[in-house]
Structures are given as C-alpha cells and as structure tokens.
Amino acid sequence: MALTLLLDLDDTLLGNKMNTFVPAYLKHLSEFLAPYAEPERLIQQLLTATRKMVENRNSGCTLKEVFDAAFYPALKLRVEDVRETIDRFYAEVFPELRAVTHPIPGAQEVVETALSRGYRIAIATNPLFPRAALLHRLAWAGLPVECYPSLFVPSYETFHFAKPNPAYYGELLAQMGWPEGPVLMVGDDPINDLQAGKQAGLAVYWCRPEGAGVDAAQANGIGSLEDLLAWLDTTNSRDLLPDLATPSAVLSVLHATPAALNSLCRGLSLEQWTRRPQENEWSLTEIACHLRDVDEEVNLPRIQKVLSEENPFLPGKDTDPWAAERDYLHQDGVYALQAFTRVRLKLVNLLDQIQPEDWGRPARHAIFGPSTLNEIAIIHAGHDRMHIQQATRCLTAIIPQTMSQAPGASPP
C-alpha cells in the first residue's frame, strides 16, 4: 500500500520563522484595514480569534466560522462589509511577505520524487489562514498548487481543528478518505508536529532545526528534509503504520468524523445526497442516517453504561437493516449529518472528561466477550473509518473530481 506523507509547510517546506512572519503579517493587515478599525485593537482581536480557532473542539464549526464569530462582532463589523478589502489584501499585499521567507533546499525535489513513487501527499500546515494565504506560501516554497494539483491543502474554510489538537490529524486523514497503509508526519515543531502527530497515532519524522537538541525518543526519524527519502528507503513500512489503539488516537478519530463529513458533503445537491453509486450500495444520506442512529442508540448508551456500571453486559445490535427498515434513503441527509454531529459531540465531550484509568473500565460485550472502554472505543473508531472510506467511494462515484482535487474555498 502506498505511503501517505503529511508534510508541514512553515520551516519544513518553506523557511518561515513565525517570530518574524507573524509581526510583519499583523502590521500589513492592520494598516490595510485601518479604515475599519484602529490597528492595535484589530491586532488584539485577531490574536484572540486565532486563539479561539486553536482551542476549538466543536466538529460542527469550521475554523473560519469560529474566527468570524470572535473577530468581526467585537470590532462592530460585518463580514460582508470588509470581504472585498480582505480579498484585495491577500491578492495585492500579502505577497509582499515573501521577502521574510526563503526556500528550503530540496523541498520541490522531495515532493516531486514522492509523487513519482505514488505517495499520497498532504500539506499538513496549521489551517489558521485563508486558502489564498496558504497558496501564496506554497508558491514561495516552489510548489504552486496549479503545478501540483494532487496535493491536499487544508485551510480554515474547510477544517474544524488546528494543531496541536491531535484531532487535526484525524480530520486531515478523514478528509483524504482514511487511506490504508503507512502514514508519516514530517515537520519541524516538537509540539505541533511531533507530539501531536504521535498522540494521533502517527509515525513522525523530525526535520530538526539547526541547533535544536535531539529528542530521538519522540521521533521515528531525525534529519533534514533532503535526508527524508533516503531514510524512507531504509525504513520498514510496517513501522509507519498508524497505531490507532491509544485513547488519544481514538479520540482524534471520533472527533474528526463529523468534521470531515461536514466539509466533504458541503454544497451537495439533494440528488447527490441520495444518489447511490450502485444499486446495492448506500448513498451519503443513508451513511449519515446510519452514523446518527448508531451513535444515538448504540455507541453513546454503551459508553454511558460502562462509565456508570461495574462490568456491564453490552448486548449486540445488528444495525445495517435499519437502512431499509427506517427508509434512510428518503430522509434528509443534511439534517441527519447535523444530528449525528450533535450526538457525537455528546459522546466525545464525555470521553474528553474521563480520567486515564477510566479507559480500562471493564465490560462484557455480547460478540467480543470481556472488554474494556478503550477496546469498545477502538471499535467505534474503526466503524467511523470504514464509513468515511465508504463515503469517499460514494463521492468519487457521484462527483469523480471530488477526491482527486485538494479542497478549497474562496478567501473570506
């Protein structure tokens, strides 16, 4: 199976020190928007809104929605009042920031060689900027998206989680269709890239900054970006298979599933929601209804039971027949996905609050026998991944270009 390569952008593919770039960005943006807000106040509110994005754990709200809610009302502005001005900023002024960046030796060659080997590649940057800003930075790295259309590029319009939340990595892989096989996260930041990647169950390669101490225990590999492909050639691909059995990795999957589906299915027509790829396969509406009802009637009650009772018995349920019995095909897919998102938030909020020892609480499963809360959650996460893959196949069949192009949206 092909390798999925997650490549950080800043200081991995593009030399871009945040302690230089961010002050320059804030200065340019605040001056350009001075007719709308006093620069110092605008900067303060922008930083507050950015912090809200980093802290977001709501799979029903994109980072852009979180940012907009925290930024514009506080400045007594409406998005539509400044949209055209912000568009002009990213088109005309943001490119000037290229001067504070520099190319990373070998970045273009690494990407082109990886693509020639058949690797799937995502630009695993922190999605705190509009897509327009990310495309500029990719071009500065020598990787203009028009020349590399298969690169998956996240942005705040399409993502719900940000680094260092491990759910960011779950969402990244979910929006890519949860590819099977080895996955490697490549980045420079010990917290955002290495630690968070490990918490999501991924192998990590550290592009160690010059002068940084060596923390070999946390990384699978250490070296420069130019060393990466040679390191891969000597590494057993089995060592790069995700470990999705830890509580943090399980939670990253469970958080990510409704978030990814909300982005993947956004803007679809009613006909697309209900179209089956083949007569005997489920439509997106049926998948959303199934996930909603399984969480509401099986997954959430099971977790509540294990947390509230001593070694409870968990009866098995055959939920596949519900699609026909409950006539999922003729329900509202958008509403079903919204309902799934709400019940999933209840489930993950419950698991987010438990103590580490609670993951070992015992239960007796009708099918799997003696089990623990962690094992039950692993089953739920595996069920999620299976249906994300099913939804991906469905999207590819009904809209062939959907899964072959990086997601995008217009800047704010």
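Among residues other than Pro258 whose Cβ falls under 11 Å from its Cβ, what is the net charge (Lys/Arg +1, Asp/Glu -1)? Write out the running numbers ahead of the final one.
Details: positive: Arg292, Arg342, Arg344; negative: Glu171, Asp295, Asp384.
Summing Lys/Arg as +1 and Asp/Glu as -1 gives 0.
For Lys27, go through the aspartates and glutamates and keep the ones whose alpha-carbon is under 14 Å away, minus same-chain ones fewer than eight residues off.
Straight-distance partners of Lys27: Glu38, Glu40, Glu96.
On a 0 to 90° scale, report how tilted helix 333-352 is relative to the longest principal axis of the chain, with both axes built from alpha carbons and the result rounded to the nearest 10.
90
Excluding same-chain residues fewer than 8 positions from Lys317, which lysines have a Cα within less than 19 Å of its Cα?
Counting by Cα, and skipping residues close in sequence, Lys317 has these lysines nearby: Lys305.
Starting from the Cα-Cα distance between Asp81 and Arg276, subtract it from 0.36 nm times their residue separation and give me the gain in nm to one decimal.
Numbers: separation 195, 0.36 × 195 = 70.20 nm, distance 4.13 nm.
Separation in residues times 0.36 nm, less the Cα-Cα distance, equals 66.1 nm.
I want to verify the translational diffusion coefficient of segment 12-89 in µm²/s; compute it with Stokes-Einstein, Rh as the Kirkwood radius over Cα pairs, at 4 °C and 1.567 mPa s.
Estimated via Stokes-Einstein, D reaches 95 µm²/s.
What FRET efficiency comes out for Asp318 versus Arg117 if R0 is 41 angstrom and r is the Cβ-Cβ distance? Round to the nearest 0.05.
Once the sixth-power term is evaluated, E becomes 0.45.
What is the sum of charges, Lys and Arg at +1 and Asp and Glu at -1, for the other residues whose Cβ falls under 15 Å from the Cβ of Leu347?
My count for the surroundings of Leu347 gives 0.
Using each residue's phi in segment 222-228, evaluate 6.51 cos²θ - 1.76 cosθ + 1.60 at θ = phi - 60° and report the 3J(HN,Hα) Karplus result to the nearest Hz, with x for Gly and Pro.
9, x, 8, 4, 5, 7, 4
Rounded to the nearest 500 deg cm²/dmol, what is the calculated helix-only ellipticity per residue at 222 nm for the chain, with -39500 (n - 2.57) per DSSP H run of length n ≥ 4?
On the way: 16 runs with 183 residues, N = 412.
Calculated mean residue ellipticity at 222 nm is -13500 deg cm²/dmol.
Once R0 is set to 35 Å, what does the formula 1/(1 + (r/R0)^6) return for the Cβ-Cβ distance between Thr20 and Lys305, expressed as a FRET efficiency to the nearest 0.05?
0.10
First check a/c for segment 51-121, with a ≥ b ≥ c the square roots of the eigenvalues of its C-alpha gyration tensor; if it is under 1.5, answer rounded, and if not, answer prolate when a/b is larger than b/c or oblate otherwise.
It is oblate, given that a/c is not under 1.5 and a/b is not larger than b/c.
For segment 114-123, just list the computed ³J(HN,Hα) in residue order, Karplus coefficients 6.51, -1.76 and 1.60, θ = phi - 60°, integers in Hz, with x standing in for Gly and Pro.
My calculation for segment 114-123 gives 4, 5, 5, 7, x, 5, 7, 10, 10, 7 Hz in order.
Quickly work out the Leu329-to-Thr372 label distance, labels modelled 7 Å from Cα along the C-beta direction, and quote it in nm with one decimal.
4.4
For Val183, list long-range residues whose amide hydrogen, built 1.01 Å from N in the peptide plane, is under 5 Å from its own amide hydrogen.
When sequence neighbours closer than 5 places are left aside, the close amide H contacts are Thr4, Ala203, Leu241.
For a quick check: with amide H placed at 1.01 Å from N, whose amide H comes under 5 Å from His365's, ignoring anything fewer than 5 positions away on the same chain?
Leu314, Ser371
Identify all aspartates and glutamates with a Cα-Cα distance to Lys52 below 12 Å; exclude those on the same chain that are fewer than 8 residues away in sequence.
By straight Cα distance, Lys52 reaches Glu65, Asp68.
Since every read-out is calculated from the coordinates, none of them should be taken as a lab result. A quick note: this is a predicted structure, and the numbers were derived from the prediction, not measured. Reconstructed Cβ throughout: ideal geometry from the backbone, glycine too, with neighbour counts over all protein chains shown.
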